[in-house]
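Below: the structure, in structure tokens.
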Amino acid sequence: MISCAVVVPQPPLLVPALVPGAVERTAAVRDATLAAARALAEVSKQWLAVGVGARRATIEPDTQGSFRGFGVDVPVSLSSAPTAAAPRELPLSVLVAGWLREQVGAASVRVELVAEHADVAECVTLGEQLAAAEERALLVLGDGSTRHETAPSGWPDARAEDFDARVRTALAEADHEALLAVDPALAAELQAQGRAAWQVLAGLARTRTGWRGEVLYSDAPFGVAYHVARWVGR
């Protein structure tokens, strides 16, 4: 049963090798994300993760991949002892989950992908199913709106700040009902790719009471909102 969940963003800039000229500029979000991942590894070395993909899928821990498609061949594995013969092309959320696992010494991570356009009911159903998982530690991956005022000219949307402020408050208060109230259509307009993954977490969390939340980082330094939070259950 899941007793601890951390919410993290999934930008490629988390990986220093992918941003050799901007490692210091990206340090704050990276440090917070790694701190959250280390806290998760203290709970359990076997992780369950939820990320967003083109369709519903399960990525098993024997999987390997690479950030080659993001400019540098940084290999990653979802397990410390992978058995898959060759690396696969993987969604960014899966790659980041594997990279975080390696950075903090977790043994394995199984990634459940939810479709980006899944409706709230689908997210809740998946969350309820995952509530009975054997793993105790849950990693939830996804970014907020890409349309904050620090985004390139012509792209910012005035609604982005309020949208991510509401998400930040819901994460800080472990308010699963507030996360479930996030409008999928608005999230899509604001390019908040993490919406479906957050609502899977909410579906899982509503199966029992007693969750406590804490936000470790919440900002939009490059026009994209990145939230890092931890939920601990009884």
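Residues in region 188-219 that are closer than 19 Å to Leu130 by Cβ and in contact with a Phe, Trp or Tyr (Cβ under 6 Å, 6 or more places away or on another chain): Ala205, Trp211, Gly213. Candidates in region 153-175 are the residues that are among the small types (Gly, Ala, Ser) and open to solvent by 80 Å² or more (accessible area, probe 1.4 Å); of these, the one that is modelled with the highest pLDDT is Ala158. Within region 146-173, the set of residues being among the acidic types (Asp, Glu) and assigned to a loop (DSSP other than H, G, I, E, B) comprises Glu149, Asp157, Glu173. Looking at Ala36, Ala41, Ala17, Ala54, just one residue is in contact with a Phe, Trp or Tyr (Cβ under 9 Å, 6 or more places away or on another chain), farther than 15 Å from Leu138 by Cβ and touching a residue at least 40 places away in the same chain (Cβ under 8 Å), and that residue is Ala17. Leu186 meets all of the listed conditions (1) under 15 Å from Tyr226 (Cβ atoms); (2) more than 17 Å from the chain's Cα centre (by Cα) but one, namely (1). So is Ser93 surrounded by 14 or more Cβ atoms within 10 Å (Cβ to Cβ), in a helix (DSSP H, G or I) and of a type in the set (S, T, N, Q) or not? Answer is yes for this residue. Ala106 satisfies every condition listed in (1) open to solvent by less than 10 Å² (accessible area, probe 1.4 Å); (2) among the small types (Gly, Ala, Ser); (3) under 16 Å from Val7 (Cβ atoms) except (3). Evaluated against (1) surrounded by fewer than 20 Cβ atoms within 10 Å (Cβ to Cβ); (2) touching a strand residue (DSSP E or B) at 6+ places or on another chain (Cβ under 8 Å); (3) more than 20 Å from Gln193 (Cβ to Cβ), Ala115 falls short on exactly one condition, (3).
Of everything in region 121-145 that is assigned to a loop (DSSP other than H, G, I, E, B) and open to solvent by less than 10 Å² (accessible area, probe 1.4 Å), the residue that is farthest from Arg56 (Cα to Cα) is Ser145.
This table checks each residue for (1) assigned to a strand (DSSP E or B); (2) open to solvent by 40 Å² or more (accessible area, probe 1.4 Å); (3) over 19 Å from Ala35 (Cα atoms).
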| residue | (1), (2), (3) |
| --- | --- |
| Ala185 | no, yes, yes |
| Ala192 | no, no, yes |
| Val200 | no, no, yes |
| Thr207 | no, yes, yes |
| Tyr217 | yes, no, no |
| Phe222 | no, yes, yes |
| Val228 | yes, no, no |
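Out of all the residues in region 56-74, which are β-branched (Val, Ile, Thr) and open to solvent by 30 Å² or more (accessible area, probe 1.4 Å)? Across region 56-74, the qualifying residues are Thr58, Val72. Taken as a whole, region 82-97 holds no residue that is closer than 25 Å to Arg234 by Cβ, among the β-branched types (Val, Ile, Thr), touching a residue at least 12 places away in the same chain (Cβ under 8 Å) and out of contact with any Ser or Thr (no Cβ under 7 Å at 6 or more places or on another chain).
The values are calculated or read from the model by the stated rules, or taken from the named source; none is laboratory data. Just so it is clear, the model here is predicted, and its values are computed rather than measured. Here the Cβ is made from the backbone with ideal geometry for all residues, glycine too, and neighbour counts use every protein chain on show. Ligands, DNA and RNA are stripped out before the accessible areas are found, and what is left, the full protein with its side chains, is counted by its heavy atoms. Shrake-Rupley method; radii C 1.70, N 1.55, O 1.52, S 1.80 Å.
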